[in-house]
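Participant: For reference, the structure I am asking about is given below.
The values are calculated or read from the model by the stated rules, or taken from the named source; none is laboratory data. Just so it is clear, the structure is predicted and the values come from calculations on it, not from any experiment. Backbone-built Cβ (ideal geometry, glycine too); neighbour counts: all protein chains shown. Areas reflect the complete protein model, heavy atoms only, side chains present, ligands, DNA and RNA absent. Shrake-Rupley method; radii C 1.70, N 1.55, O 1.52, S 1.80 Å.
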2 protein chains.
Amino acid sequence: MRSPRGVILLAALVAVGRPVAGPPELSAQVAGEQELSGVEIVQEAGLGKMWTFDRLPLDYLEERYDFRPDPEWFDHVRLASLRTGGCSASFVSPSGLVMTNHHCARGCITAVSADTHDYMVEGYYAGSRGAEAHCPNMYLDQLLEIEDVTERIDAAAPAGISGEEETRLKGEAMDRLEEECSEESGLRCQVVSLYHGGIYSLYKYRRYDDVRLVFAPEGQAAFFGGDPDNFTYPRHDLDVTFLRAYENDEPLRPDHYFTWSEAGAAEGEPVFVTGNPGSTGRLLTVSQLEYLRDASYPLRIQQYHERVAVMGELIDEDPSREPDYRNMIFGLENAIKAVSGYLRGLVDPTLMEEKHEWEATLRAAVREDRRLRERYGGAWQEIARINEKLTRLHEELVYSSFAHFQTLSRARDIVRLASELAKPEGERSMSERTIEAAKRRIASDREIDREYERMLLELRLTAAREALGPDHVLVRAALAGDDPEAAAARIIGDTRVGDPEWRQALLEGGVAAVNATDDPAVVLAGTVDAWVRGLEEKVTELRAEEGANEERVAEATFAVYGTMLPPDATFTLRLSDGLVARYPLNGTFAPYKTTIYGLFDRAESFDHKDPWKVAPKWTAAKDELDMSTPLNFVSTADIIGGNSGSPVINRDAEIVGLVFDGNMEMLPNRFLYRDEVARCVSVHSMAIIEALRTVYGAGALADELQGR
Amino acid sequence: MRSPRGVILLAALVAVGRPVAGPPELSAQVAGEQELSGVEIVQEAGLGKMWTFDRLPLDYLEERYDFRPDPEWFDHVRLASLRTGGCSASFVSPSGLVMTNHHCARGCITAVSADTHDYMVEGYYAGSRGAEAHCPNMYLDQLLEIEDVTERIDAAAPAGISGEEETRLKGEAMDRLEEECSEESGLRCQVVSLYHGGIYSLYKYRRYDDVRLVFAPEGQAAFFGGDPDNFTYPRHDLDVTFLRAYENDEPLRPDHYFTWSEAGAAEGEPVFVTGNPGSTGRLLTVSQLEYLRDASYPLRIQQYHERVAVMGELIDEDPSREPDYRNMIFGLENAIKAVSGYLRGLVDPTLMEEKHEWEATLRAAVREDRRLRERYGGAWQEIARINEKLTRLHEELVYSSFAHFQTLSRARDIVRLASELAKPEGERSMSERTIEAAKRRIASDREIDREYERMLLELRLTAAREALGPDHVLVRAALAGDDPEAAAARIIGDTRVGDPEWRQALLEGGVAAVNATDDPAVVLAGTVDAWVRGLEEKVTELRAEEGANEERVAEATFAVYGTMLPPDATFTLRLSDGLVARYPLNGTFAPYKTTIYGLFDRAESFDHKDPWKVAPKWTAAKDELDMSTPLNFVSTADIIGGNSGSPVINRDAEIVGLVFDGNMEMLPNRFLYRDEVARCVSVHSMAIIEALRTVYGAGALADELQGR
């Protein structure tokens, strides 16, 4: 294994090839009137604590926790950490045992289920190495190296070009670098744009793709409380799954893995989370936040509600269809909860005021320095101008996207593909990959839920007519003189695009056939296509310009504050720190942990009604269980989606828990990190051991974790 | 026992001697554009559900719950219900057993404790009739009759007199009526002003004053979670105490008592609460609410905080004094929580908007009818004018009250009493009773906490100087050229009013001695007394005028809505109705009940730190307890302070619970009743039985309750 130590910069706060105005002392003075300590700056800035492993905040950690880990500690933690599709994970035994969330391993658990066994319902325990079932399409990435490549990426785009050109050239440079790196090293290489393009880093991963299922609890135990309890705390979920990485059909022997803490974390104890937070918007400018607040989120929430409403009506009409829609409704309700939580942050005047202040302070600092002013002074206004345009275009873009309509999307595929295929290969605007994907969709025999699409289209057309006006090109083309109900019935009712053979035949007939058909969905797609393409191009251009200006804002931020503050989340490995801590909730306190007593209490409190049913194995083991065992606990570690499955470790790098959620109060942290009431929710290490030994008869697995 | 049936009017919605514009149909039309049902009117009006037993909403109950109790049901419920000092209670066995809250019986539990036993800590179980300990100063009042006396009271005050005169004359008429009634019937008689003087009712009580202690749990079990969990839910308190009424040294055999439900109430089941809600302000006008919002509550909360801050500082200086202040701090923190909850309602724009709408609708209805307009049209403006004045006078009144200062209050007693006693008896402005009370206070040897008063006075003088300005008569007299710190040290430090003998001597010296003394507290009290008296008289006059106009508003309300809506709470017996129901809390649901599992969970979750300690007897009984037993539960019954100790009964008038609190979300219900998230919190009947049998070895008491 290659040592990454020469590449990873362990000294924090080093500005790497960026114009930096001064040492941290200066930053401290800019951040406020009086001099602030590093901890205070981190707290004030609200940019959170998702530290990259090449810029670790050693002084901050020492000041905050009296804890200054050595390079070996960080290397060990990084190499024991893993990334998997959309989630985080970690090595937890010398024999390649891997811990992640149950909800991160659903694909595998479902895949290894058979007609006779639904392991999502029953739970799974292999019991012996030989019985560990292979997870198809599952992999684990281990971060070996980080290399700063900002200069190389920046060099690819000369000054004075358009934003769109800059995006394209840098994108090409990133692709090149990744390819070179992969060829040279045999590793998975990814160029990561940090601080919205302020820094580019090359991340090199070793991939393990022989992953097998070792243990999973029942869905009821992993997701007790279901959708209502999701994003909330106090909580009672054993959201854990154990996998094992194999190499050459033998269990992997990783050089680095986390050992198990005997007692877990006490209240007030510092803990660390190592994982891959997906996306935050803490460095967004005020105008970008306003776009999300005023345009993007409200319409998203509205459309979630529309879909839930349609499915609810379909279930009312025919209750036997409830199982078809159930998971989708749960998913949508969860999305509503999440996006409403983000929006709650943005409509909170305090949050926006703090954002305004932060931006005003930064812009004032830029204005005061002639060099900075010339380079970056105009960036915020540019972004504001772009976001005003994006806000104006937003409804048109959303209503013309045909999202959630298989019929209209297939019709659009046919229209666009016919037109593209008619051009010579060199003149096509769609890439080969895009063309192939569209062909596959046209050929797919996936069934279309016509009744659902008809009802949803009626709602959408009603909303579009209201939002865009009756004379808008899209509205006129869709309604064609009808009211939304009749138009939806006509378009979805009469179209033949639901039939894959008909689609293939139409496409084979080329542009002439497409132009000649009177199929209402194809006619609609064709009528608006030129306009939609124009709109899409305009938005792409604006987004590229926005990106170039975001990069200027990022550079200005470095110039003023250095790189002591962490970048927004990028689904790459970060270390976060926090304390195990209760918090004020609804007039009293939410305790720092829950116990197994609480699981049974909540189930009884709802008379065991769904989704508050205790899994049967737990009920059976009731008398043997130590009810006082901690089940879940909360900390102020800074996490977001993508951190699911992250290990929570103590100072000795021992596992004390497993991140699986944040509380409701954490959702606004997407834009401004605050820790008065926002909490990271984790499974407690002791609950895992107690459940394995007492509920699941998986003592051997518990022994492996505890090194016995 | 006299039957009250002839007096109590069981037909609801009957206007009694008031000018009523029309039948309920009219009311329904006024309340909204479309016709509303009785249930909808009750819900819309936001006046809640605290029904008096002489105007029971039979149609509403039938429509809402398909339940129309007969007169016997209501008589039975009324006669099994009891009132005690500040609380409610009920008969729960044929042998005079009485159930109330632990926190309502603290005085008795403390009184029967001895040097060797602190029953507040240990809990108490008499075990046999002979051992039941007498509660000094405790009584139970049973409501035998209600008689409408509105005409008689109104007749006492001729038209055209001042508000102050009207208040005085009506007060005298009420006193006369009460005296007459008591003499005639031998009962406790009280004239109750309902709807802020819209209706006067004569309430006749039978008093039981031989009350003995049967059972009380440990304070830890009754008040688990202490101050933090107070006003919140989910909750885990066994806040119950059993007493027994005796007559002629024998257990009372009441004709009416509640029997015990076997299983308690299920989710969704209708329940009824019979008890004595203390005070609500739902009929207050918008300007009265604004006075509370802008003047009264903010200053009250500020002064609570000042007192907590001073006690905190004193404990910091000398931690051994913590026990002296602990209960006071808890009490103040609770008051802060409560008043902040009320204030939260008043600063909520939705609540105020609804209040505005309600008032605008009512005033419009009054304006449209010439007769109503002439009689009542000006009342709201009058009240607004008065409340503007009260708002302006509020700070002066509060700062001049010397509340929380024993020193200054005793000094004022001396100044006033000396001056009064100098007048001939017929010309005194203080009543004989007031004079006697002042004499007792002057003679009292209650110790004064000087350090506390000095520190508090420094804070008060600082705040008063800020609020009233440095040239205000009170501020000038108190500071006398010093800063607040020096002034407080001088006034509290140098005064001799802490010495009862010195006080007596000064009073005996009469006006001359009082005028001659240079005692700084007496000098301050004397200097400002004329001004303070003037201020108090002005406020008394304004309050009387306000009362007269409130009565006009009440009469106007009847004229428009009839008496179908319940009056504000008056600490007299009411019946309230509701459903046992979960509610949305923090992104998920609060369950309708908690269980004993939850008690142990919450204790473990805080590592058994105070105030989340399980009482030792419960820990000892852990393995024998049925953990799934419901412990507390919530319902939408309409309650407020004074309802503590109220029984919760089902349709069969069986006990299913015992009211002991409301959740935080209920606090704004003081002004506008809403039931989306507001809940009444009760001890579950099954928890009482399980605890008596399994924890306390009080099977005989459980048998008595369950009629075994």
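Participant: Hey, with R₀ at 51 Å, roughly what FRET efficiency would A:TRP531 and A:ARG207 work out to, going by the Cβ-Cβ distance, to 0.05? Present the calculation step by step, with values, prior to reporting the outcome.
Facilitator: Numbers: r = 43 Å, r/R0 = 0.85.
Rounded to the nearest 0.05, the efficiency is 0.70.
Participant: If the limit is 22 Å between Cα atoms, which of A:LYS617/B:LYS613; A:LYS204/A:LYS439; A:LYS337/B:LYS593; B:LYS170/B:LYS423; A:LYS593/B:LYS613 go over it? Numbers along the way, then the final one.
Facilitator: Working: A:LYS617/B:LYS613 30 Å; A:LYS204/A:LYS439 34 Å; A:LYS337/B:LYS593 25 Å; B:LYS170/B:LYS423 28 Å; A:LYS593/B:LYS613 16 Å.
In this structure, A:LYS617/B:LYS613; A:LYS204/A:LYS439; A:LYS337/B:LYS593; B:LYS170/B:LYS423 exceed 22 Å between Cα atoms.
Participant: Still on this structure, please answer the following. Could you work out the relative contact order of the range A:37-144? I mean the mean sequence separation of Cα pairs under 8 Å and 6+ apart, divided by the number of residues, in percent. Mind dumping the intermediate values first?
Facilitator: On the way: 87 pairs, mean separation 24.0, N = 108.
Relative contact order here is 22 percent.
Participant: With every protein chain left in place, what is the accessible area per residue of the protein assembly as shown in square angstrom, probe 1.4 Å?
Facilitator: On the way: 56260 Å² over 1416 residues.
Accessible surface, normalised per residue, equals 40 Å².
Participant: May I ask you to give the average projected area over all directions of the convex hull of the Cα atoms of the range A:514-589, in nm² rounded to one decimal? Walk me through the intermediate numbers first.
Facilitator: Numbers: hull surface 48.6 nm².
Hull-based average projected area comes out at 12.2 nm².
Participant: Would you mind getting me the FRET efficiency between A:ASP499 and A:HIS404? Use the beta-carbon distance for r and R0 = 25 Å, nearest 0.05.
Facilitator: 0.80
Participant: Additional query: Please give the calculated 222 nm ellipticity per residue for chain B, where each DSSP H segment of at least 4 residues contributes -39500 (n - 2.57) and the sum is spread over every residue; nearest 500 deg cm²/dmol?
Facilitator: Working: 28 runs with 336 residues, N = 708.
Taken over chain B, the calculation gives -14500 deg cm²/dmol.
Participant: Considering chain A, which cysteines have no disulfide-compatible partner, defined as another cysteine with its Cβ under 4.7 Å away?
Facilitator: A:CYS680
Participant: At A:ALA512 and A:ARG371, where each label point lies 7 Å from the Cα along Cα→Cβ, what is the point-to-point distance in nanometres?
Facilitator: It is 6.7 nm.
Participant: What does the copy distance list look like for A:GLU368, label position 7 Å along Cα→Cβ, in nm and ordered from shortest?
Facilitator: 6.5
Participant: Report, to two decimal places, the Cα Rg of the range B:87-140 normalised by 2.2 N^0.38 Å (N = number of residues).
Facilitator: Working: Rg = 11.5 Å, N = 54, 2.2 N^0.38 = 10.0 Å.
Relative to the 2.2 N^0.38 Å estimate, the range B:87-140 comes out at 1.15.
Participant: Quick check: at a probe of 1.4 Å, how many percent of the accessible area of the range A:601-707 sits on carbon and sulfur atoms? Let's see the in-between values first.
Facilitator: On the way: 1430 of 2980 Å².
Answer for the range A:601-707 is 48 percent, counting heavy atoms of protein chains only.
Participant: In addition: Below 9 angstrom from the Cβ of A:THR259, what's the summed charge of the other residues (Lys, Arg +1; Asp, Glu -1)? Let's see the in-between values first.
Facilitator: Working: positive: none; negative: A:ASP652, A:GLU654.
Once all neighbours under 9 Å are counted, the net charge is -2.
Participant: How many nanometers, to one decimal and shortest first, lie between the label point of B:GLY127 and those of its other copies, if labels sit 7 Å from Cα toward Cβ?
Facilitator: 5.6
Participant: Here's another thing I want to ask about it. Order the following by accessible area, largest value first: B:LEU417, B:LEU187. Probe radius 1.4 Å; ligands, DNA and RNA are ignored.
Facilitator: Numbers: B:LEU417 0, B:LEU187 30 Å².
Highest to lowest solvent-accessible surface, that is B:LEU187, B:LEU417.
Participant: Okay, next question. What Kirkwood Rh does the range B:467-543 have if only Cα atoms enter the pairwise 1/r average? Answer in Å. Intermediate results must be reported in sequence, preceding the final value.
Facilitator: Numbers: mean 1/r = 0.0718 Å⁻¹.
After inverting the mean inverse Cα-Cα distance, the result is 13.9 Å.
Participant: Over chain A, what is the mean sequence separation of C-alpha contacts under 8 Å (at least six apart), divided by residue count, expressed as relative contact order in percent?
Facilitator: Details: 1286 pairs, mean separation 176.6, N = 708.
Value for chain A: 25 percent.
Participant: On a straight-distance basis, which aspartates and glutamates could pair with A:LYS355 in a cross-link, Cα separation under 13 angstrom, same-chain partners fewer than 8 positions away excluded?
Facilitator: By straight Cα distance, A:LYS355 reaches A:GLU44, A:GLU290.
Participant: Using only the Cα atoms, what convex hull volume per residue in Å³ does chain B have?
Facilitator: Details: hull volume 126.6 nm³, N = 708.
Once divided by residue count, the hull of chain B is 179 Å³.
Participant: Could you compute Rg(Cα) / (2.2 N^0.38 Å) for the range A:97-221, with N its residue count? Write down the numbers at each step before the final one.
Facilitator: Details: Rg = 20.8 Å, N = 125, 2.2 N^0.38 = 13.8 Å.
Rg over 2.2 N^0.38 Å, computed on Cα atoms: 1.51.
Participant: Something else now. Mind pulling the per residue volume of the convex hull built on the Cα atoms of the range A:574-708? Å³ is fine.
Facilitator: Convex hull of Cα atoms, per residue: 133 Å³.
Participant: If you take the alpha carbon radius of gyration of the range A:378-547 and divide it by 2.2 N^0.38 Å, what ratio comes out, to two decimals?
Facilitator: 1.10
Participant: Sort shortest first the distances from A:ALA155 to its counterpart in every other copy, using label points 7 Å along the Cα-to-beta-carbon line, and give them in nm.
Facilitator: For A:ALA155, the other copies' label points sit at 10.7 nm, shortest first.
Participant: What distance in nm separates the two pseudo spin-label positions at B:SER128 and A:GLU184, each 7 Å out from Cα along the beta-carbon direction?
Facilitator: Here the modelled spin labels are 9.5 nm apart.
Participant: Please give me, ordered by residue number, the trypsin sites (Lys or Arg not before Pro) of the range A:533-621 that lie in loop per DSSP and have at most 12 other Cβ atoms within 10 Å. Don't skip to the answer; put the middle values down first.
Facilitator: Values: sites: A:ARG533, A:LYS538, A:ARG543, A:ARG552, A:ARG574, A:ARG582, A:LYS593, A:ARG602, A:LYS609, A:LYS613, A:LYS617; in loops: A:ARG582, A:LYS609, A:LYS613.
Those satisfying the criteria are A:LYS609.
Participant: Can you give the average number of partner chain beta-carbon atoms within 10 Å of each beta-carbon in peptide A:481-493, as a whole number?
Facilitator: Details: counts 0, 0, 0, 0, 0, 0, 0, 0, 0, 0, 0, 0, 0.
The shielding value for this peptide is 0.
Participant: Same structure again: Can you grab the distance from the C-alpha centre of the range B:560-577 to the C-alpha centre of the range A:166-184, Å, no decimals?
Facilitator: Their Cα centres are 76 Å away from one another.
Participant: Now, a different point. Between A:THR619 and A:ALA159, what length in nm is gained on full extension when 0.36 nm per residue of separation is reduced by their alpha carbon distance? Don't jump to the answer; show the numbers that get you there.
Facilitator: Values: separation 460, 0.36 × 460 = 165.60 nm, distance 6.74 nm.
Using 0.36 nm per residue and subtracting the Cα-Cα distance, I get 158.9 nm.
Participant: Kindly state, as a whole number, the per residue volume in cubic angstrom of the convex hull around the alpha carbon atoms of the range A:390-460. The partial results should precede the final answer.
Facilitator: Values: hull volume 7.7 nm³, N = 71.
So the per-residue hull volume is 108 Å³.
Participant: Under 12 Å from a label point 7 Å along Cα→Cβ of A:ILE329: give me every residue in the range A:298-314 with its amide N that close.
Facilitator: Only A:308-314 pass the distance filter.
Participant: If you don't mind, there's one more thing I want to ask. Give the relative contact order (percent, whole number) for the range B:378-547; include only Cα pairs under 8 Å separated by 6+ residues.
Facilitator: On the way: 147 pairs, mean separation 56.6, N = 170.
RCO, the range B:378-547: 33 percent.
Participant: Can you check what the net charge comes to around B:VAL475, using other residues whose Cβ is under 13 Å from the Cβ of B:VAL475 (Lys, Arg +1; Asp, Glu -1)? Can you show the working numbers first?
Facilitator: Values: positive: B:ARG460, B:ARG465, B:ARG476; negative: B:GLU395, B:GLU396, B:GLU466, B:ASP471, B:ASP482, B:ASP483.
Here the count lands on -3.
Participant: Oh, and also: In whole Å, how far is the Cα centre of the range B:396-412 from that of the range A:261-314?
Facilitator: Taking the Cα centre of the range A:261-314 as reference, the centre of the range B:396-412 is 54 Å away.
Participant: Okay, next question. What Kirkwood radius, in Å to one decimal, follows from the Cα pairs of the protein assembly as shown? Intermediate results must be reported in sequence, preceding the final value.
Facilitator: Values: mean 1/r = 0.0271 Å⁻¹.
Answer for the protein assembly as shown: a Kirkwood hydrodynamic radius of 36.9 Å.
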